[in-house]
Each structure stands twice: as structure tokens, then as C-alpha cells.
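Every read-out reported here was derived from the displayed coordinates using simple, explicitly stated rules and does not represent laboratory data. The structure displayed is predicted, hence computed values, not measured ones. Note that each Cβ is placed from the backbone with ideal geometry, even for glycine, and that neighbours are counted across all protein chains shown.
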Amino acid sequence: MVFLWPTLLWLLLIAPLLVLLYWWLLHRRKKTALNYPSLALVREALGPGQRLRRHIPPALFLLALIALLLAAARPLAVITLPSQEQTIMLAMDVSGSMRATDVEPDRLTAAQNAAKAFIADLPRHVRVGIVAFAGSAQLAQLPTQSREDLVKAIDSFQLQRGTATGNGIMLSLATLFPDAGIDIAALGGRQAMRPRSLDEIGKQQDPAKSFTPVAPGSYHSAAIIMLTDGQRTTGVDPLEAAQWAADRGVRVYTVGVGTVAGDTIGFEGWSMRVRLDEETLKAVATRTAAEYFHAATAQDLRKVYEALSTRLTVEKKETEVSALLALAGAALALLAAALSVWWYGRIL
């Protein structure tokens, strides 16, 4: 815990002075009290519990004063609060490699089921958008709060050739930042079926609009979750796309689907070995101050989405807790006064 006004902590020296004053008053009262012959019998009848009870209201009042003095110094503490992130972009791989069966029943079906469960568990105020990418990237669903529309978009996925992971990130950013100058047309269609540089994708940016990079992970209004087997075959370099996200403070959480050993798939008379490219996915997450998750089974994938739901709906944040301490101080003071009136018919 740190304090915005630490110099006010010197006021806490009042507490030990009050303890000394209380002790002096008790000692002075003993000297001025009349010495009744039966005083010893009275004390014995009261018992140690009754004698101790008279010190409880002053002790509570002292704790109340300490709490109020700490509140005056404006303390800051790291506490868990509801996240401010209002929009989540799901960038999901629909390339042919997602037909691999190393995740039952296959990678794509497991990803669809886990994504739908993830959406169902999110708070209703969170908007979700969906980008589907293969050799190109398409916006399957604009950010919306309608869970039904999102489920329909996920169920409509169709496998395509190629894997442009970088395009998935860039189209997600273009959806979150419409004025970023990203050429959306260059991310989809046949022209996207070749490696492209970010100079081409961002060539339409207005030079009159100045852009100042921010710290990675500092943008708290949105996040991107990219689910893929990670093997880029075309499109924008995912690490360059990750740098665009990092410069805008957007976290890109990456989820690797499939086993590291991979699987052999066949389609229309050809076959290929598909492996999980963990190195690239980890690098994307690290560059954007996010995290990488590996899902080797359908159960792992569901657990990953559960973990992501927790991370995106709550966050640890440094927050001023003066009000909480002031409330605690007021409650202790009221309790001290109530007990004093109840037991002795007067306040303290």
C-alpha cells in the first residue's frame, strides 16, 4: 500500500499520545477515588471480564481514529475490480489445417464449441466481434452484445486454404480502430493470398493524423483473442501485426490448438503434416503484454477459455481506498459509542 499524501501519516503519532493520556486519566482516577472498606469485594464481584469491558469502547474509538487518519493520507492498494474491457475480438483460424483430428473430434469443432461456451459465460455488457481467417481474413460478425448472432457466425465457419494469422490480427485492429488507416480490402479476397507488408496494408492512413505509440497492454477498452494452429503460410507477418497491436496498447492473447507433434491431414487428393507453431504464438503474446495458452485436447481448450474469461472480466488495479478506510473508521466509532451507551449510559 502506498499513499498519495504520505506526510499526513505523521498524524498517527496522536494515537500513542491518546493511549498515554488514557492511562494517565485512569491512574489519576485511582488516586482520587474514595477507599471504601468493601471495594475489594466489589472488584471481586465484578470479575476480570467486567473490568476488561470498560476498555473496549476506548479501544474501538482509537482504532476508528487510526482508520480515519490513514484515510486522510489517501492510500492506494492493488485490488481486483471488474474489467473495463468492453469489446473482445475473437480471431479464429478456419484454415484447412483446422480439420486435423489430434484434438477430438477435430480442431475446428473443438474451437467452435469452446468459443461458444466462452461467449455464454461473458457478462452481457461485453461486446464480442468475430474475425475468421484462412488465406485471407473476413469479419464474420461486428462487435455485438447479441449472443445469438455470435453463435450463428461461429456455426457458419467454412474451411479454406492458407493461414494468414497476421491478417486476422490486422482485421481485428481495423474493427477496433476504424480510423487507423488499415486497408481492409487488402486483408480479404484473392489479393490477400500472398505475403504482404504492412506498408501495403497501412498505405491509406491519413498523414495528417498523428499517431503516438503507447505502452503495450495499456489499452483497457478492448482485447484480441487469436485461436489458431499458428502456422502462417501467407499474408502479413504476425509479429509485425503484433507490433501494431502493441503500439496501440491492445493485448493479443494467443491460443495454440493441437499437439506439438501435429497430425497428417488429407484433402482433395493431397496430404500435409500440420504442426503447432508455438514459438510464433508465444512471441505475439509477449510482444503485446498478453499470454499464450496451449490446448492439446478439447478439454484443455474449454479450460483455456474459462481462464481467459476470468482474466478479461476482472483485473487487478491500483485504486484509492480512502473511502473504505473512512467507512471502517465511522463504523468503529459508532460501535464504540453504542457499546458505551449500552453498558454505562454515556459515551465513553
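Applying 1/(1 + (r/R0)^6) with R0 = 35 Å to the Cβ-Cβ distance of SER156 and ARG124 gives a FRET efficiency near 0.95.
Placing dummy labels 7 Å off each Cα toward the beta-carbon, the span from SER221 to GLU279 is 3.8 nm. Distance between the 7 Å Cα→Cβ label points at ARG147 and GLU104: 2.7 nm. Gain on full extension, evaluated as 0.36 nm per residue between TRP5 and ILE56 minus their Cα-Cα distance, stands at 15.3 nm.
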